[in-house]
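Participant: Just dropping this structure here.
The values are calculated or read from the model by the stated rules, or taken from the named source; none is laboratory data. Just so you know, these numbers come straight off a predicted model, no measurement behind them. For neighbour counting, all protein chains shown are included, and Cβ atoms are generated from backbone atoms with ideal geometry for every residue, glycine included.
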Amino acid sequence: MRYLLLILVSAFTFISVQAQEVLTSTEWQEDLRFLQQTVHKDYSFLFKKTTKAEFDTAVEKLHKEIPSLEQHEIIIGMARLVSSFKYGHTVLGFRYSPYPFHQLPLNFYWFNDGLFVQGAHKDQADVLGAKVTAIGKMTTEEALKAIYPVVPSENDQFFKAYGPLYLSVAEVLHAQGVIDEMANEVELTFEKDGKSFKKKISTLPKGERVPTEYSLVKTDENWLEAREQEMTPNYLKDLDKIYYYEYLPETKTVYVRQSQIQDDPSEDIPTFYARVFDFIENNDVEKLVIDVRLNGGGNNYKNKPVVTGIIETEKINEVGKLFVIIGRRTFSACQNLINELDNYTNAVFIGEPSSENINFYGDNNRVDLPNSKIPAYLSFAWWQDKPQWEGADWTSPHYAVDMSFEEYRTNQDPVLEAALEFKGDNFIVDPMDYMTNLFMAGEIERLQKETIEMVNDPRYQFFDFEANLNGAGYQLLNSGQTKEAVFVFDFNTKLFPDSPNCWDSLAEAYWKAGDLENAKEYYNKAIQMDPDGATGKNARNMLKEMDSENKH
């Protein structure tokens with residue numbers, strides 16, 4: 001089955017259309033009921049990250065409010081409902097809507113040091129490259145939090161990729177309380193050249209949009225972008241092609257940038273990758289870097305030549321020689337690609353996490369609301385490349401690297417540089433395996449020292465040390481190695497002293513070791529740290545169970 005390309009983009013692909021008559025409140029309520037009934041009847045399997053009760057409660061609230069809402073507030077309300085499923089392919093789309101919105105003539109991008117104006121209309125050249133510190137009456141952080149429910153965020157990376165697009169839409173800003181009144185002018189606060197200033201920005205004409213490609217402005221006589229234009233970094237070269245490769249002789253590296261899982265009109269995927277692997281086999285090549293940080297998916301049946309080609313090219317299919325750059329746009333069929341590369345090759349992933357769940361609902365059906373004709377895209381296909389216990393919100397990079405605005409502006413690429421400079425003797429690809437080996441060898445002092453170093457090393461920021469150590473502790477505990485489990489859980493509390501779950505786990509280990517005094521102390525500590533949460537509730541239940549056992 002083929003994937004549809006990323007549908008989210010269509011949600012805010014504004015086009016000029018002939019407006020329909022204004023609908024009555026009753027007609028909007030009919031559309032809402034139709035959406036509710038359709039979801040329950042044909043798509044109830046989507047209730048994974050939200051419940052039927054939560055969905056229905058939100059429906060009833062919106063149904064009641066519709067008579068007092070403006071048209072765009074009703075639409076955004078329905079968008080919140082569809083987005084509550086938190087699958088990026090499941091979205092209320094406005095591309096074919098007769099109710100186009102107003103977009104600011106700015107393109108925002110979320111760098112590691114804040115939200116910046118990456119692109120702007122020439123009339124707004126003075127804010128190009130500025131950091132955005134406030135929108136309307138909210139700080140940028142508050143505004144992002146306010147619009148979060150509207151975005152079908154598969155995970156936080158998805159929101160980082162596409163949330164800024166929603167921030168540029170006046171109707172979204174008003175519906176989510178970022179601005180008090182719906183207007184075609186929004187005041188923003190900027191920082192640039194060491195100065196802070198406010199400016200009111202008028203929106204584009206209704207239905208028009210900022211021209212972008214892979215989340216970045218496409219420059220022309222009217223549109224400017226903040227990046228210096230004297231050169232182009234590899235990941236942005238030849239974007240008129242879906243993929244290209246070049247040889248980097250200084251590091252004996254073949255670099256491939258592939259930005260869709262589709263055949264380029266000039267050369268299909270099997271032919272392209274046959275050329276790549278032939279070049280590797282017949283030239284002095286020591287590394288292969290496949291860059292899919294811009295890749296939003298396509299047809300996952302086209303992944304096979306990439307995966308099998310790597311497996312067959314043994315000189316490159318080794319840890320430290322094969323690198324895959326992933327990021328916030330790595331989504332859909334490209335998630336399938338990196339799943340398969342993780343399963344069957346020795347790839348080292350570098351960059352940011354992907355924007356797709358490892359196992360996920362993908363392909364969608366278009367369902368038009370009967371009165372407004374607004375389309376809802378509802379996913380129907382479950383894709384699972386890994387067993388459920390390996391499922392996660394995203395694929396994490398082994399080696400975490402992201403980008404500042406200044407690095408982007410000056411055409412630096414710290415992610416590619418990390419791959420080119422990678423040496424296995426100064427980086428641990430599998431921290432859990434490494435820690436386990438030290439533990440089994442009895443090198444406890446070294447284990448403690450090097451684990452602390454890794455926890456504080458930003459390159460490992462997406463490896464969940466707390467959860468992995470907690471899981472290892474329970475494996476020991478469940479196999480009867482109570483003393484060893486206490487050590488691991490105690491070590492976890494030293495690494496993450498503010499985590500109530502760490503103290504709860506340590507308490508359980510002491511309980512099973514027969515040390516009721518320490519068990520009670522740490523269960524009470526977990527309760528104090530998380531009085532109203534799940535961990536606190538579990539700790540209270542465990543204390544009751546302990547008391548019950550003692551009475552008998």
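Participant: Out of S215, S259, S196, I need the residue that is closer than 26 Å to S404 by Cα and modelled with pLDDT under 95. Which one?
Facilitator: Exactly one residue qualifies, and that residue is S215.
Participant: Provide a single number: the residues in the stretch 278-304 that are among the acidic types (D, E) and in a loop (DSSP other than H, G, I, E, B).
Facilitator: The number of residues fulfilling the criteria is 2.
Participant: Any residue that is within 30 Å of the chain's Cα centre (by Cα), of a type in the set (V, I, T), on the phi < 0 side of the Ramachandran plot and surrounded by 18 or more Cβ atoms within 10 Å (Cβ to Cβ) - is there at least one of those in the stretch 515-527?
Facilitator: Within the stretch 515-527, not a single residue is within 30 Å of the chain's Cα centre (by Cα), of a type in the set (V, I, T), on the phi < 0 side of the Ramachandran plot and surrounded by 18 or more Cβ atoms within 10 Å (Cβ to Cβ).
Participant: Inside the stretch 250-295, can you point out the residues that are crowded, with 16+ Cβ neighbours inside 10 Å, aliphatic (A, V, I, L, M) and in contact with a helix residue (DSSP H, G or I) (Cβ under 8 Å, 6 or more places away or on another chain)?
Facilitator: Passing the criteria: V254, V256, I261, I269, V276, V285, L288, V289, I290, V292, L294.
Participant: Moving to a separate point now. Under 6 Å between Cβ atoms, at least 6 apart or on separate chains: pull out the pairs that start in the stretch 201-212 with a residue that is over 23 Å from A130 (Cα atoms) and end on any residue that is of a type outside the set (A, V, I, L, M, F, W, C) and assigned to a loop (DSSP other than H, G, I, E, B).
Facilitator: As it stands, the answer is K206/P100; K206/H102; G207/S16; G207/P100, since those pairs meet every condition given.
Participant: Looking at A79, A58 in this structure, which one is surrounded by 21 or more Cβ atoms within 10 Å (Cβ to Cβ), part of a helix (DSSP H, G or I) and small (G, A, S)?
Facilitator: A79
Participant: Now, a different point. Within the stretch 132-148, can one find any residue that is more than 18 Å from the chain's Cα centre (by Cα), of a type in the set (S, T, N, Q) and more than 24 Å from E73 (Cα to Cα)?
Facilitator: Within the stretch 132-148 (the criterion being more than 18 Å from the chain's Cα centre (by Cα), of a type in the set (S, T, N, Q) and more than 24 Å from E73 (Cα to Cα)), the answer is yes, since at least one residue qualifies.
Participant: Which numbered condition in (1) in a strand (DSSP E or B); (2) touching a residue at least 24 places away in the same chain (Cβ under 8 Å); (3) polar (S, T, N, Q) is the only one that N365 fails?
Facilitator: Of everything listed in (1) in a strand (DSSP E or B); (2) touching a residue at least 24 places away in the same chain (Cβ under 8 Å); (3) polar (S, T, N, Q), N365 misses just condition (2).
Participant: Counting only residues that are aliphatic (A, V, I, L, M) and touching a Phe, Trp or Tyr at 6+ places or on another chain (Cβ under 6 Å), which one in the stretch 504-545 is farthest from N478 (Cα to Cα)?
Facilitator: By that ranking, first place goes to A526.
Participant: Among (1) part of a strand (DSSP E or B); (2) among the aliphatic types (A, V, I, L, M); (3) in contact with an Asp or Glu (Cβ under 6 Å, 6 or more places away or on another chain), which single condition is V307 missing?
Facilitator: (1)
Participant: Among residues belonging to the stretch 61-72 that are surrounded by 18 or more Cβ atoms within 10 Å (Cβ to Cβ) and under 31 Å from the mean Cα position of the chain (by Cα), point out the one that is modelled with the lowest pLDDT.
Facilitator: That would be H72.
Participant: Also, I was wondering about something else. If a residue must be in a strand (DSSP E or B) and of a type in the set (V, I, T), how many such residues does the stretch 347-362 contain?
Facilitator: Total meeting the criteria: 2.
Participant: Moving on. Quick check on the stretch 152-160. Is at least one of its residues out of contact with any strand residue (DSSP E or B) (no Cβ under 9 Å at 6 or more places or on another chain), crowded, with 23+ Cβ neighbours inside 10 Å and touching a residue at least 12 places away in the same chain (Cβ under 8 Å)?
Facilitator: yes
Participant: Do any residues in the stretch 266-282 that are in the same structural domain as K241 (by TED's automatic domain parsing) have Cβ atoms under 6 Å from those of residues that are of a type in the set (D, E, K, R), where the two are at least six apart or on different chains, and which pairs are they?
Facilitator: Listed pairs, sorted by first residue: I269/D263; I269/K302.
Participant: If you don't mind, there's one more thing I want to ask. Please verify whether the stretch 168-176 includes one or more residues that are acidic (D, E) and loosely packed, with under 14 Cβ neighbours inside 10 Å.
Facilitator: Checked the stretch 168-176: no residue is acidic (D, E) and loosely packed, with under 14 Cβ neighbours inside 10 Å.
Participant: Give the residues of the stretch 317-346 that are in a loop (DSSP other than H, G, I, E, B), over 16 Å from the mean Cα position of the chain (by Cα) and either at positive phi or surrounded by 24 or more Cβ atoms within 10 Å (Cβ to Cβ) (or both), sorted by residue number.
Facilitator: G320
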